[in-house]
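All remarks here apply to the structure that follows.
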Amino acid sequence: MLEIKNIHKTFGDAQVLRGVDLKVEKGDVIAILGPSGSGKTTLLRCMNFLETADSGTMQFDGEHFELGKMKKRDIARLRLKTGFVFQNYNLFLNKSALQNVAEGLIVARRMPKQEAYSIAERMLEKVGLSDRAGYFPHQLSGGQQQRVAIARALASEPEIIYFDEPTSALDPELTGEVLEVIKHLAAEGMTMIVVTHELGFARTVADRVIFMENGVVVEEGSAEEIFDRPAKERTREFLRMEWKEN
Amino acid sequence: MSDRAIHILTDSFMKILLPGLKVTLPLTAIAFSLALVIATVVALIQFANVRVLKQIARVYIWVIRGTPLVVQLYLVFFGISGLGYLIDPFVCAAIVLAVNEGAYCAETMRAALEAVPAGQMEAGYCVGMKYHQIIRRIVLPQAMRTAFPPLSNSLLSMLKDTSLVASITVAEMFMAAQRIVARTYEPLLVYAEVAVIYLAFSTVLTWLQHFGEKRLNRYQRAKA
Ligand SMILES: Nc1ncnc2c1ncn2[C@@H]1O[C@H](COP(=O)(O)OP(=O)(O)OP(=O)(O)O)[C@@H](O)[C@H]1O
Ligand SMILES: [Mg+2]
C-alpha cells in the first residue's frame with residue numbers, strides 16, 4: 001500500500017535521515033522505536049510533507065512520487081488519504097471538540113455540515129467522548145484532547161494514520177485511555193505507524209517493530225523478533241535501558 | 001458655581017454633544033473599521049511572506065509610524081487643496097486616520113498572527129485544509145483574540161485623535177468646544193466639559209471591550 005525508499009533529510013549540516021526504507025501493507029500496525037534525536041518524528045513529518053525530504057521515493061496505492069520534488073496538488077491529494085496525530089495534540093484552539101473533528105470534513109472535503117457533524121459525533125463516541133462534544137480544548141484533559149485528535153484523524157476515513165508519540169505529553173495516569181483507543185483501532189484493522197516509547201504497548205499491538213538510530217533503521221522485525229530475540233547488540237542495549245526507565 | 005457658569009455649561013452641552021454623536025463617533029467608527037481592514041491585509045502579507053508586497057508593507061509602516069498624525073493630516077488636506085482640488089474634510093480625515101492607525105494595528109495583528117502556535121497550521125494541513133482556509137478559519141480567529149485588547153487600545157486612541165481633525169476644518173466635538181470658548185471666554189469650563197464627554201465616550205468603549213473579551217473567552221482562554 002505504502003512504501004518509502006531511501007529517504008534522506010538534513011537540517012543545516014545535521015543528517016537526520018540517512019536512507020530510511022519503510023514498507024506498509026494494509027492493516028499493518030508498525031511501531032517505531034529509537035532514542036531521542038534518532039529521526040522518528042522527522043520521518044513521520046516527511047511522510048506527511050510537513051517537512052520536505054531532500055530525496056527518496058514514495059509509492060502510495062500504486063502511484064510513484066519523488067519526495068524531494070512533490071507537487072502541491074499531489075501533497076494535498078495524499079494528505080486526504082492520511083491522518084496525523086501529534087505529540088501535543090494540536091487541536092484547533094478556537095473550535096469545540098465536535099468542530100475539531102468536523103472541520104476537515106466541512107472545509108477540505110466540502111461535506112454538508114449536518115453530515116459532517118453526525119460523522120463527528122460518531123467519531124467522538126468511538127473515542128468515548130460523546131459527552132464532551134461541546135467542550136473547547138482548554139476545557140479538556142490532555143488525554144481527552146488526544147482522543148479528540150484521534151477522532152479528528154479518523155473522521156476522514158484515512159487509509160493510514162501516523163502517530164507521533166501520542167502519549168508522551170501525558171501524565172502517566174492518562175496514557176492508558178489513549179493507548180486503549182489505539183489498540184481498538186488496531187483490532188479493527190486500521191493501518192497505523194506509531195512512534196512510541198511505550199514498549200509494552202508496542203509489543204502487544206504492533207505487527208512489526210522498527211528500531212531507528214541516527215537516521216537509519218538499525219533493526220526491523222515482528223514484535224517477537226525485536227523484543228524477545230533482537231539480533232543487534234544496539235537494539236538489546238536500547239531495550240534494556242528503556243525497560244529500566246518504564 | 002455662578003449662574004452664568006451653569007448657563008454656559010447647559011447651553012453648550014448639546015452643542016458639543018451633537019457634533020460628538022454626528023461627527024466624532026461616525027468618524028471613529030468608519031476610520032477604525034477601515035484601519036482594521038488595512039491592518040489585516042498588511043499583517044497577512046507579512047505573515048505569508050509575499051515578496052515585493054512585503055517590502056511595500058514595511059515601507060508603509062515605517063513612513064506612517066515615523067511621522068506625526070497632524071503632519072499627515074495637513075499634508076494630505078492642505079496639500080491636495082493647495083493643488084487646486086476640492087476634498088471633503090471629513091473624507092480626508094477618515095482616510096488619513098485609517099491609514100495612520102492601520103500601520104499601528106498591522107503591527108499588532110502581525111505579532112498576534114505570529115503568536116498562534118505553528119502546530120495549528122500543521123494540524124490544518126493534516127486534515128486536508130489549504131493555506132487560506134487555515135488562515136481564515138483557524139489562525140485569524142485566534143490572532144483576533146490575542147489582538148483584541150491592544151486593538152481596543154488603538155480604538156480609544158483614535159477616538160481621542162479625532163480631536164486633531166478640527167485643524168483641517170472638520171466640525172467635530174473639539175471644534176465645537178473651541179467655538180464656544182471663543183464666544184464665552186470660559187476655556188476652563190468648556191474644555192473641562194468636552195473632556196468629560198470624551199471620557200464618557202471612552203468609558204462606553206471600555207465597557208464594550210470587556211463585554212467583547214468575555215465573549216471571546218468563551219471559546220478560548222486568554223493567553224498568558
Ligand atoms: N526543524 C528542525 N531544524 C533543525 N533541526 C531539527 C529540526 N527538527 C529536528 N531537528 C533535529 O533532527 C534530529 C532528529 O529529530 P527528531 O525530532 O526527528 O527526533 P526523534 O527521534 O523524534 O526524537 P524524540 O524521541 O526526542 O522525539 C534532532 O537532532 C533534532 O535536533
Ligand atoms: Mg520525536
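Numbers for the structure displayed
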| quantity | calculated |
| --- | --- |
| Test item: A:83-94 mean partner chain Cβ contacts at 10 Å | 6 |
| Accessible surface of residue B:38 - all protein chains present, 1.4 Å probe, nearest 10 Å² | 40 |
| Alpha carbon centroid spacing (whole Å) that separates the stretch B:32-82 from the stretch A:60-105 | 37 |
| Debye equation applied to the C-alpha atoms of chain A, log10 I(q)/I(0) at 0.09, 0.14 Å⁻¹ | -0.39, -0.94 |
| Three-way shape label, chain B, alpha-carbon gyration tensor, a/c 1.5 | oblate |
| Förster radius 35 Å - calculated FRET efficiency between residue B:211 and residue A:110 (Cβ-Cβ, nearest 0.05) | 0.50 |
| Average beta carbon contacts from partner chains per residue of A:101-107, 10 Å cutoff | 5 |
| Heavy-atom accessible area order for B:173, B:121, largest first, 1.4 Å probe | B:121, B:173 |
| Proximal lysines to residue B:15, defined as alpha-carbon separation beneath 29 angstrom and excluding residues fewer than eight positions away on the same chain | B:160 |
| Tilt relative to chain B, helix B:53-65 - C-alpha long axis, 0 to 90 degrees, to 10 | 30 |
| Per-bin percent of Cα-Cα distances, the stretch A:143-184 [5 Å] | 5, 23, 36, 23, 9, 3, 0 |
| Between helix B:187-219 and chain B: long-axis angle, C-alpha atoms, 0 to 90°, nearest 10 | 20 |
| Cross-link table A:26/A:71; A:113/B:130; A:9/A:113; A:40/A:244; A:40/A:81; A:69/A:95, entries beyond 30 Å C-alpha to C-alpha | A:9/A:113; A:69/A:95 |
| Percent of alpha-carbon pairs separated by more than 42 Å within the protein assembly as shown | 37 |
| Rough spin-label spacing in nm, given labels placed 7 Å along Cα→Cβ, for residue B:5 and residue B:153 | 3.7 |
| Residue of B:78, B:32, B:90 that the Gaussian network model of chain B assigns the largest fluctuation, springs spanning Cα pairs under 10 Å | B:78 |
| Reciprocal of mean inverse Cα separation for the stretch A:200-246 (Kirkwood radius, Å) | 10.8 |
| Percentage relative contact order, chain B, counting C-alpha pairs under 8 Å, at least six apart | 30 |
| Surface per residue (accessible, 1.4 Å probe) for the protein assembly as shown, Å² | 48 |
| Among A:56, A:41, A:70 - extreme Cα towards positive end, dipole of the stretch A:25-80, charges at beta-carbon | A:70 |
| Shielding score for A:136-146, defined as the mean number of other chain Cβ atoms within 10 Å | 1 |
| Cα long-axis angle, helix B:173-184 against chain B (0 to 90 degrees, to the nearest 10) | 10 |
| Over the stretch B:47-150, relative contact order from alpha-carbon pairs under 8 Å, at least 6 apart, % | 26 |
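The values are calculated or read from the model by the stated rules, or taken from the named source; none is laboratory data. What you see is a predicted model; the values in this text were computed from it and never measured. Note that each Cβ is placed from the backbone with ideal geometry, even for glycine, and that neighbours are counted across all protein chains shown. Keep in mind that these areas ignore ligands, DNA and RNA; they rest on the heavy atoms of the full protein, side chains included. Shrake-Rupley method; radii C 1.70, N 1.55, O 1.52, S 1.80 Å.
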